[in-house]
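Colleague: Before I ask anything, here is the structure I am working with.
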Amino acid sequence: MEPWSLYPKSRACGSIHHAATVAAIALSLFALPEPLAAATGAWSTTPEAKVRLISGWSAAPASETDLDLGLDFELAPGWHVYWKNSGDAGYAPKLDLSATPEVTGSKLLFPAPHRLDLPGGLVSFGYENAVVYPIAGRWHGAPGKALHLRARLEYLVCADECVPYAAELALLLPAADPEANAALDPESSERLARFRRQLPVDSSEVAGAPAVAVHAEAGAPPFSVLVLVAEGGKFSAASPDLFFETHPFFALGKPELSIGASGLRFRVPFRPFDETKSPPATAEIAWTITGLEGQDGPYALTGRGTIPLPARQSSRRTTWVAALSLLITAAALAFWRRRRRSPNPHP
Amino acid sequence: MKAQSSSMSVLVLTTLFAVACGPAVADVAVGTAAPAFSLKNLDGKTVSLADFRGKPVVLEWINPNCPFSRRHSEAKTMASTAGKHPEAVWLGINSTNGGSGDFVAPEQHRAFNAKNGIGYDVLYDTSGETGRAYGANTTPHMIVVDKNGMVAYNGAIDEGAMSGGKGNYVDAALTALSVGKSPDPSTTKPYGCSVKY
């Protein structure tokens, strides 16, 4: 990548043209009635990652319905892409589908993240090896209408180093046969489903999931402490972890986990980004707990809620309180010792 | 009674411990004192934050081998922002570990700076001590220290990797400080490569 023009174009950007050429070659070689591999777009390939659009559909549904699409990454060993909160560095992929007006309200969904330790104690939240980000949104289908999906993707892929890329992606699905039922592409729909199962869900959606309660306590200034307790239900947790969405007011520290008989308890120090502003009385907290295991396999829970924040004491005030408590304790001890030594006037 | 007094001592010790040892959260908060440092520039001369008391100081975490740092250097984002604000001191800090493949020796760093019009001092922090004290995560990561030595801005140089240089937060922060206002926003999420500590 030399020199770093705004974004290096990946070498084999998928395009409708490209997909059509592949289909044309396939047709001429095998004389099949349908284009091959319509449920997957062409790979956009770089030395660090391959990325394409995939669909669970083999043909575009003839009516309005929820999208069955995903952004499919395969990563070279040691490289990663990001969760919605990327952690200390990096950023999540951004997908723009506005060039396809028949698709509305599209947004990337994020499977349960992994904690990736970087040199020097920095940490990123994301995915290694492979990930499919399912794409939510609506397809405004109609009889006879094909889906020509065109997307602009901007993403960052990192190992020790990071490379930003922009890619044009495309996917071409023919109009569904009006006589046939909705046709699924077995391979792509299985792949999408595998990563959809990794999307964090609400407690109510998993049998035996613990109930999660969140509150904040005062900590050693300038810190307060978020406490998340996951209790009840019937679950196991081999390697539970806790993640938060980026917060506008607070820097959140590394969660400390204690596992008890009744469940999990995470304590997370946090403090305001800006000490000159008075902190809000409440905070909206969006959390995700990963690494839980139920009767149907592994899952992650997510939730969002507004919690009251403890009143903060200034560091100076706490130092005074500590000094004062020390003095009072010392005085009390001295008083008690003197009383023990002095003879009791009233036996 | 003996048990009671020992439990009291435990209480005292706990209180002291809690005051002395806060949990580690990266990032230095806006409105707190900027951690002091004395680092060597590319010519081996020691430069200290304290040298510039009375002036705003911009700290830019830099790594010529990081595409983001390189892009902003080539686009003169930093040099032109520094040029707009002669009232402020601009310092590059390279916290890359000396053993990292990204480490750039002084000679190469000087060539990189000359090629990209970087006239401000770049300081080596190969131990990473200063970078960690500031919670610098990315290259670039920007800190603006006000003339009284307090952190006034902590975050990205601009609106983001995708903004094409729009919304320069550091320019806005320096402009706010020059008229006696507090930067708004005072914190943003920095973006770029991770610092190679």
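Colleague: Residues with beta-carbon under 15 Å from that of residue B:42, excluding residue B:42: net charge, scoring Lys, Arg +1 and Asp, Glu -1?
Modeller: -1
Colleague: Determine the alpha carbon to alpha carbon distance for each of A:277/B:147; B:84/B:166; A:94/B:181; B:55/B:166; B:115/B:189 and list only those over 24 Å.
Modeller: Those over the limit are A:94/B:181; B:55/B:166; B:115/B:189.
Colleague: Pull up the cross-link candidates among the lysines for residue A:145, meaning alpha carbon to alpha carbon under 24 Å and not fewer than 8 places away within one chain.
Modeller: A:107
Colleague: Once Rh is set to the Kirkwood radius over Cα pairs, what Stokes-Einstein translational diffusion coefficient, in µm²/s, holds for segment A:210-252 at a temperature of 10 °C and a viscosity of 1.306 mPa s?
Modeller: The Stokes-Einstein estimate is 127 µm²/s.
Colleague: Right, another one. Calculated FRET efficiency, residue B:53 and residue A:249, Cβ-Cβ r, R0 35 Å, to nearest 0.05?
Modeller: Efficiency, rounded to the nearest 0.05: 0.75.
Colleague: Run through the DSSP bridge list for segment B:25-194 and note the antiparallel percent, rounded to the nearest 5.
Modeller: Taking every DSSP beta bridge within segment B:25-194, about 60 percent pair in antiparallel fashion.
Colleague: As an exercise, identify the chymotrypsin sites (Phe, Trp or Tyr not before Pro) in segment A:126-213 lying in DSSP coil whose Cβ has no more than 12 other Cβ atoms within 10 Å.
Modeller: Details: sites: A:127, A:139, A:155, A:165, A:195; in loops: none.
Loop-located and lightly packed - none at all.
Colleague: For segment A:182-285, run through the trypsin sites (Lys or Arg not before Pro) and keep only the ones in DSSP coil with at most 10 other Cβ atoms within 10 Å of their Cβ.
Modeller: Answer in residue order: A:234.
Colleague: Under 19 Å from the Cα of residue A:84, which aspartates and glutamates turn up, not counting those fewer than eight places away in the same chain?
Modeller: Within the straight-line cut-off, residue A:84 pairs with A:72, A:74, A:96, A:117, A:128, A:154, A:202, A:241, A:245, A:284, B:159.
Colleague: On to the next question. Quick check on segment B:25-194: what does the Kirkwood estimate of hydrodynamic radius come out to from the alpha carbon pairs, in Å?
Modeller: It works out to 15.7 Å.
Colleague: Can you check what the net charge comes to around residue B:181, using other residues whose Cβ is under 15 Å from the Cβ of residue B:181 (Lys, Arg +1; Asp, Glu -1)? Spell out each step's value before the answer.
Modeller: Working: positive: A:277, B:147; negative: A:274, B:87, B:146, B:171, B:184.
Charge balance near residue B:181 sits at -3.
A short reminder: the numbers here are calculations on the coordinates, not readings from a lab. These numbers come from a predicted model, not from an experiment. When we count neighbours, we look across all protein chains shown, and the Cβ atoms used for this are built from the backbone with ideal geometry, even at glycine.
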